1. Under the condition of being in contact (Cβ under 8 Å) with a residue 40 or more places away in the chain and in contact with a helix residue (DSSP H, G or I) (Cβ under 9 Å, 6 or more places away or on another chain), which residue from the range 46-66 is farthest from Met10 (Cα to Cα)?
2. Looking at Gln41 and the list (1) open to solvent by less than 70 Å² (accessible area, probe 1.4 Å); (2) in a helix (DSSP H, G or I), which single condition is not satisfied?
3. Within the group Ile58, Ile63, Ile46, Ile74, which residue is farther than 27 Å from Arg119 by Cβ and open to solvent by less than 80 Å² (accessible area, probe 1.4 Å)?
4. With the structure loaded, tell me whether Ala39 is in contact with a strand residue (DSSP E or B) (Cβ under 9 Å, 6 or more places away or on another chain) and within 14 Å of Ser114 (Cα to Cα) or whether it fails that test.
5. What are the residues in the range 53-110 that are in contact with a Pro (Cβ under 9 Å, 6 or more places away or on another chain) and in a loop (DSSP other than H, G, I, E, B), if any?
6. Among (1) aliphatic (A, V, I, L, M); (2) open to solvent by 50 Å² or more (accessible area, probe 1.4 Å); (3) closer than 20 Å to Val73 by Cβ, which single condition is Ala17 missing?
7. Given the residues Arg42, Arg51, Arg33, which is the only one that is at pLDDT 95 or above, under 12 Å from Leu128 (Cα atoms) and of a type in the set (D, E, K, R)?
Amino acid sequence: MSLSDPLGDMLTRIRNAQRARHAACVSPASNLRSSVLDALQREGYIRGYKREEVRKGIVQLHIELKYSEGEPVIKEIHRVSRPGRRVYSKIKELPRVCAGLGVSILSTPRGVLSDVEARAANVGGEVLCRVF
């Protein structure tokens with residue numbers, strides 16, 4: 001079975017695991033997914049992740065979710081730019097998520113960055129997802 005939106009699948013796995021109060025979740029690995037998880041970890045939305053080789057040639061990401069006083073740190077996480085409709089934004093036109101309390105994850109020429117990092121680097125790009 002092939003996925004048309006692998007990043008959307010990973011975000012859904014994270015959303016479902018947090019709603020079920022799981023400590024961790026698993027997702028197939030890719031470079032884009034790892035980059036997005038790096039940005040989420042830098043912004044403090046997940047504890048961390050590690051790459052695990054299940055068997056030769058099959059690698060999975062083991063994502064450790066983060067909770068604060070029993071409540072999930074991630075209240076909302078959703079995909080913005082989808083395979084059927086790509087969404088690009090100049091840095092000056094990038095809106096703040098929940099008045100600056102959340103972050104947008106962007107794919108820029110300098111790599112996958114949060115909106116705060118992209119504003120500091122003054123680069124725009126494809127808006128992958130929004131997290132609050």
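1. Here is the first cut: in the range 46-66, the ones in contact (Cβ under 8 Å) with a residue 40 or more places away in the chain are 61, 63-65.
Remaining after also requiring in contact with a helix residue (DSSP H, G or I) (Cβ under 9 Å, 6 or more places away or on another chain): 61, 63, 65.
Numbers: Leu61: 10, Ile63: 10, Leu65: 13 Å.
Among them, the one singled out is Leu65.
2. (1)
3. Numbers: Ile63 fails: farther than 27 Å from Arg119 by Cβ; Ile46 fails: farther than 27 Å from Arg119 by Cβ; Ile74 fails: farther than 27 Å from Arg119 by Cβ.
Checking each option against the conditions leaves just Ile58.
4. The answer is yes for Ala39.
5. Filtering the range 53-110 down to residues in contact with a Pro (Cβ under 9 Å, 6 or more places away or on another chain) leaves 58-61, 65-66, 89, 104.
Of everything in the range 53-110, just one residue is in contact with a Pro (Cβ under 9 Å, 6 or more places away or on another chain) and in a loop (DSSP other than H, G, I, E, B), namely Lys66.
6. All conditions pass for Ala17, except number (2).
7. Arg33
The values are calculated or read from the model by the stated rules, or taken from the named source; none is laboratory data. Keep in mind it's a predicted model, so treat the numbers as computed, not measured. Cβ coordinates were reconstructed from backbone atoms using ideal geometry, including for glycine residues, and neighbour counts include every protein chain displayed. We work out accessible area using only protein heavy atoms, side chains counted, and drop any ligands, DNA or RNA first. Shrake-Rupley method; radii C 1.70, N 1.55, O 1.52, S 1.80 Å.
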